[in-house]
Amino acid sequence: MPAEVSNQIVPKTIALAGNPNSGKTTVFNALTKLRQKVGNYAGVTVEKKTGTLTLEGGRTVNVLDLPGTYSLAVRSPDEQIARDVLLDRAPDTPRPDLVVCVVDASNIERNLYLVCQIMDLGLPIVVALNMMDEVEKQGRQIDTGALSRELGVPVIPLVANQGRGLEELKEHIRAGVRADYTRQWRMAPDLEEEVEHIVRLLQRHEGMDNAQAFSEAMSIFSVGRMSENATDTQGKFYKAELIEQINTVQDRLKRQGLRARSAAVEARYAWIKTIIAKTVREPKTRKADLTERLDAILTHRIFGWLFFIAVMALMFYTIFTIASYPMEWIDSAFAALAGWIQTALPDNALADLISNGIIAGVGGVVIFLPQILILFFFIGLLQDTGYMARAAFIMDRLMSKVGLHGKSFIPLLSSYACAIPGVMAARTIESRRDRLVTVMVAPLMSCSARLPVYTIMIAVLIPNADAWEKSGIMLLMYALGTAGVGVVAWIFKKTLLKSQKPLFIMELPPYRMPSLRAVLLQMWERSRQFLKRAGTIILMMSVALWVLMSFPKNDQLPASEQLRHSVAGQIGTAIEPVIKPLGYDWRIGIGLIGSFAAREVFVSTMNIVFNLEEEAETDVLRENFRRAQWPDGRPLFTPLVCLGLMVFYVYAMQCASTVAVVYRETGSWQWTAFQILYMTGLAYLAALLVYQGGRLLGFE
Ligand SMILES: Nc1nc2c(ncn2[C@@H]2O[C@H](COP(=O)(O)OP(=O)(O)OP(=O)(O)O)[C@@H](O)[C@H]2O)c(=O)[nH]1
Ligand SMILES: [Mg+2]
């Protein structure tokens with residue numbers, strides 16, 4: 001083995017680091033064959049993910065996908081995760097022995113800043129120069145060989161989403177790596193001298209190596225004068241003697257008006273500029289590209305909104321039209337299954353549980369799978385084209401009035417799909433208070449689990465409506481949720497969580513052709529979760545509710561009275577006085593209580609309710625709804641009740657999984673409990689307003 005490669009090591013753990021939206025997860029998925037979510041906006045990955053890369057020859061390497069970050073000076077929790085791993089402060093993760101810096105080559109200058117900071121850590125580095133296709137489109141040329149020589153680290157051009165360059169990257173990992181570059185950027189000589197002084201102190205007192213000591217010195221400078229109980233990046237306490245000496249240096253710098261931190265930023269950028277000048281050739285002429293032309297319309301003050309509303313309306317229209325066919329197939333399949341069970345099994349409690357409990361409950365929810373698929377097809381398109389970031393941008397204009405900024409909108413828009421990723425995406429927000437406000441309001445956005453409830457209520461409300469009318473009502477529900485977010489956030493910002501209006505910094509990524517794979521992947525992933533919910537939480541709730549609705553059996557009572565005297569019926573009856581002002585009877589009460597576990601459970605519960613009731617002549621829920629009556633013969637599901645129920649589900653926090661995630665992300669059961677209470681209260685008031693207000697106006 002030649003001497004010069006003898007100190008190369010084959011890495012055991014590699015980390016993918018880079019700016020947000022530079023393609024880290026795309027590279028990660030390609031290396032590990034996993035399917036983590038990618039999307040064309042900043043802040044898709046907010047947790048670190050681990051996978052395994054199998055190299056030619058069978059050797060395996062751990063791969064870490066990190067959240068994107070612009071610099072190692074941390075501002076938000078997701079960036080903190082990336083920084084902790086790189087500085088070896090993450091207790092559960094070994095320090096990577098190779099960092100693959102994924103660089104968005106079409107934004108090379110800004111991206112190299114992080115590369116430069118990571119180089120200061122002294123770890124072996126490979127630069128994965130991604131998005132080379134976009135560089136070509138821009139008409140620029142990057143001399144990757146020269147770039148590698150100038151930086152002193154390997155540079156591998158990549159088009160990760162087409163799989164180009166990945167073999168070279170793997171080959172590089174296999175061949176082994178080492179850190180044999182030196183820092184090339186320099187600050188003013190007297191500053192350098194002082195930095196050097198501290199580096200020597202750290203080496204002597206703390207036993208750090210040169211690179212460790214340097215990055216430690218830079219972070220000491222960024223904090224300023226050290227306190228008595230300062231700790232190093234490993235969390236170890238500094239010796240008092242060392243702190244004193246370091247503070248002497250800091251004081252001296254201050255007297256001379258030298259600012260190490262900003263000097264380092266400038267020096268890094270100056271170095272990057274010289275590298276860019278030597279390695280990047282700009283096109284002679286530049287015309288406005290597609291992104292700029294599209295954005296002139298799509299982020300326009302008026303047209304931007306019109307387009308957004310049109311997209312949403314189209315989405316719902318498709319959901320109502322195309323989805324209705326497969327929904328009918330699923331429905332008849334379940335009906336056939338239930339019929340077969342009834343004939344195949346003797347007429348006993350088990351048959352009843354299967355056909356009236358499980359099939360009615362789970363089947364009643366699974367029917368909605370086609371709608372969920374279509375919803376996620378659209379959401380996937382919006383995310384992968386880059387339109388999502390524009391939607392956040394136009395919303396920002398409105399929402400800055402209530403004190404929320406654009407960064408809250410990615411979490412909120414994600415909550416249209418599901419509040420869980422939405423709440424987690426709030427990690428990208430720097431200010432703790434703004435993060436908390438976002439978490440508190442995110443579940444008010446209508447998620448996919450509301451779809452079944454809305455759909456069924458709309459079908460009862462306007463039986464003969466066409467798909468456009470149905471879409472209109474659906475759009476209204478989504479708008480009500482979004483408006484609720486605005487109002488509630490505004491109140492929070494005025495009262496409990498006062499903070500300054502944050503600066504709006506959000507990147508608008510270029511529009512990209514959506515990758516069909518990424519969209520299909522998300523549809524698949526989401527449907528899997530939806531079906532898993534149906535098979536677990538909904539199944540369990542269906543069985544539990546069936547038991548509560550079937551027992552105790554009372555032979556003295558006529559069959560039609562059995563349900564009412566069951567445990568569930570008695571609970572429903574007990575809360576009837578509370579919900580009667582909303583126009584609901586005890587049967588709806590059972591549905592409301594059941595759906596505290598998950599919103600879809602409302603639909604499955606009502607299915608079970610009407611299947612158990614003797615007079616039910618049909619399995620079709622909306623028919624049963626239309627036929628349901630109060631004891632005095634008045635119809636139960638009047639238009640106002642349907643509308644009120646929808647509005648109730650717009651605002652109510654009926655989702656145990658979201659509650660769990662909110663608790664995890666806020667770390668506070670007080671805030672978690674508060675959220676459940678305020679949302680339930682809001683839901684009740686809104687439904688009351690619809691029902692009683694509507695009656696005052698003469699509707700029924
Ligand atoms: N044109 C082009 N697009 C790419 C390339 N690599 C990734 N993309 C797209 O860029 C977008 C961002 O990719 P991600 O892999 O989610 O980026 P990330 O760095 O993980 O982003 P965060 O998790 O938000 O930090 C996605 O829409 C990808 O499909 C590439 O080489 N060329
Ligand atoms: Mg990512």
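Name the helices (runs of 4 or more DSSP H) wholly within the stretch 562-668 that hold at least 1 residues that are open to solvent by less than 10 Å² (accessible area, probe 1.4 Å), touching a residue at least 40 places away in the same chain (Cβ under 8 Å) and β-branched (Val, Ile, Thr)?
Values: elements: 567-579, 586-594, 600-612, 621-627, 639-651, 656-666.
Fully inside the stretch 562-668 and qualifying: 586-594, 600-612, 639-651, 656-666.
Kindly indicate which of ARG110, ARG75 is within 14 Å of ligand 1 (Cβ to nearest atom), touching a residue at least 60 places away in the same chain (Cβ under 8 Å) and open to solvent by 30 Å² or more (accessible area, probe 1.4 Å). Quick ask: steps written out before the conclusion?
Details: ARG75 fails: within 14 Å of ligand 1 (Cβ to nearest atom).
The match here is ARG110.
Can you confirm whether LEU114 is more than 18 Å from GLN162 (Cα to Cα), assigned by TED's automatic domain parsing to the domain that holds VAL63, assigned to a loop (DSSP other than H, G, I, E, B) and not hydroxyl-bearing (Ser, Thr, Tyr)? Write out each step before concluding.
Details: more than 18 Å from GLN162 (Cα to Cα): yes; assigned by TED's automatic domain parsing to the domain that holds VAL63: yes; assigned to a loop (DSSP other than H, G, I, E, B): no; not hydroxyl-bearing (Ser, Thr, Tyr): yes.
No: the conditions fail for LEU114.
Being β-branched (Val, Ile, Thr), surrounded by fewer than 18 Cβ atoms within 10 Å (Cβ to Cβ) and more than 8 Å from ligand 1 (Cβ to nearest atom) narrows it down to one residue among ILE14, ILE9; which is it?
On the way: ILE14 fails: surrounded by fewer than 18 Cβ atoms within 10 Å (Cβ to Cβ).
None of the other options fit; the residue is ILE9.
Set side by side, the residues VAL27, VAL46, VAL38, VAL102 differ, and just one is in a loop (DSSP other than H, G, I, E, B), within 12 Å of ligand 2 (Cβ to nearest atom), surrounded by 23 or more Cβ atoms within 10 Å (Cβ to Cβ) and aliphatic (A, V, I, L, M), which is VAL38. Among the helices (runs of 4 or more DSSP H) confined to the stretch 337-407, the ones with at least 1 residues that are at pLDDT 85 or above and hydroxyl-bearing (Ser, Thr, Tyr) are located at 369-385, 387-399. Once the stretch 296-307 is narrowed to residues that are closer than 19 Å to GLU507 by Cβ and in contact (Cβ under 8 Å) with a residue 40 or more places away in the chain, the residue that is least open to solvent (accessible area, probe 1.4 Å) is GLY304.
Is it true that GLN212 is outside the structural domain of ARG95 (by TED's automatic domain parsing), open to solvent by 40 Å² or more (accessible area, probe 1.4 Å) and touching a Gly at 6+ places or on another chain (Cβ under 8 Å)?
Details: outside the structural domain of ARG95 (by TED's automatic domain parsing): yes; open to solvent by 40 Å² or more (accessible area, probe 1.4 Å): yes; touching a Gly at 6+ places or on another chain (Cβ under 8 Å): yes.
When the stated conditions are applied, GLN212 passes them.
Among residues of the stretch 56-71 being surrounded by fewer than 21 Cβ atoms within 10 Å (Cβ to Cβ), farther than 18 Å from TYR41 by Cβ and in contact (Cβ under 8 Å) with a residue 12 or more places away in the chain, the one that is farthest from ligand 1 (Cβ to nearest atom) is GLY57. The residue that is farthest from ILE220 (Cα to Cα), among those in the stretch 49-86 that are of a type in the set (Ser, Thr, Tyr) and within 16 Å of ligand 2 (Cβ to nearest atom), is THR50. Every condition in (1) within 21 Å of LEU508 (Cα to Cα); (2) open to solvent by 40 Å² or more (accessible area, probe 1.4 Å) is met by TYR416 except one, and the failing one is (2).
The values are calculated or read from the model by the stated rules, or taken from the named source; none is laboratory data. Because the structure is a prediction, the values reported are computed rather than measured. Reconstructed Cβ throughout: ideal geometry from the backbone, glycine too, with neighbour counts over all protein chains shown. Accessible surface areas use protein heavy atoms only, side chains included; no ligands, DNA or RNA. Shrake-Rupley method; radii C 1.70, N 1.55, O 1.52, S 1.80 Å.
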